[in-house]
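A short write-up of the structure that comes next.
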Amino acid sequence: MDLATAHARLGNAASSFLAGPHRLLIDGKWVDARSGKRFDVFDPATGQAIAAVAEADALDVDEAVKAARRAFEEGPWSRTSARDRGKLIWRLADLLEQHADEIAEIESLDNGKPIRDARNIDLPGSYEILRYMAGWATKINGETITVSAPGNWHAYTLREPVASSARSSRGTSR
């Protein structure tokens, strides 16, 4: 199946996202990798490229970590009340649920999994765990807690700042 055929099966929002620029989010701005490098992301079910994304290197990651540290120390998040942080995380869950169909389409292509699994398992699991964690924003006390989600989970509270992350998706690229 060629890329045009794969994109034709998608809704407008997912097609638009895949066709758009895929840049790095650093210091609140979407930027290209300093090196200008990009790499293709492939649908493992078909072997077809579905997008080309910016390829961060050590300089990009260092810049992102410095920006995240500045944002943590000087930005509004660390001064935001636990109640308001919980509300924002809950809002993120609402947005994820609101856009679940388009995200499931993209997730299905990116992972080569059936869309029904992305839509009915992965996405609900994501937005429900965000809601669960949003409720804990006001309950940080450093204890081991029981998680009320299905499955065998171990959860504990560790108070430390979480800043930036660099993720490699080279596993689905060639």
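The values are calculated or read from the model by the stated rules, or taken from the named source; none is laboratory data. Every value quoted in this text rests on a predicted model; they were computed, and no experiment measured them. Here Cβ is always computed from backbone atoms with ideal geometry, including for glycine, and neighbour counts include all displayed protein chains.
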Looking at (1) at pLDDT 90 or above; (2) surrounded by 13 or more Cβ atoms within 10 Å (Cβ to Cβ); (3) more than 19 Å from residue 109 (Cβ to Cβ), can you tell me which one residue 74 breaks? (2)
Take the conditions free of Cβ contacts under 8 Å to residues at least 40 places away in the same chain, part of a helix (DSSP H, G or I) and touching a helix residue (DSSP H, G or I) at 6+ places or on another chain (Cβ under 7 Å) and apply them to residue 104. Does it pass? yes
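Could you grab me the full set of residues in segment 81-101 that are among the polar types (S, T, N, Q) and either within 23 Å of residue 16 (Cβ to Cβ) or part of a helix (DSSP H, G or I) (or both)?
98
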With the structure loaded, tell me whether residue 107 is closer than 23 Å to residue 129 by Cα, surrounded by 14 or more Cβ atoms within 10 Å (Cβ to Cβ) and modelled with pLDDT under 95 or whether it fails that test. yes
Looking at segment 12-33, can you tell me whether even one residue there is of a type in the set (Ser, Thr, Tyr) and farther than 30 Å from residue 137 by Cβ? yes
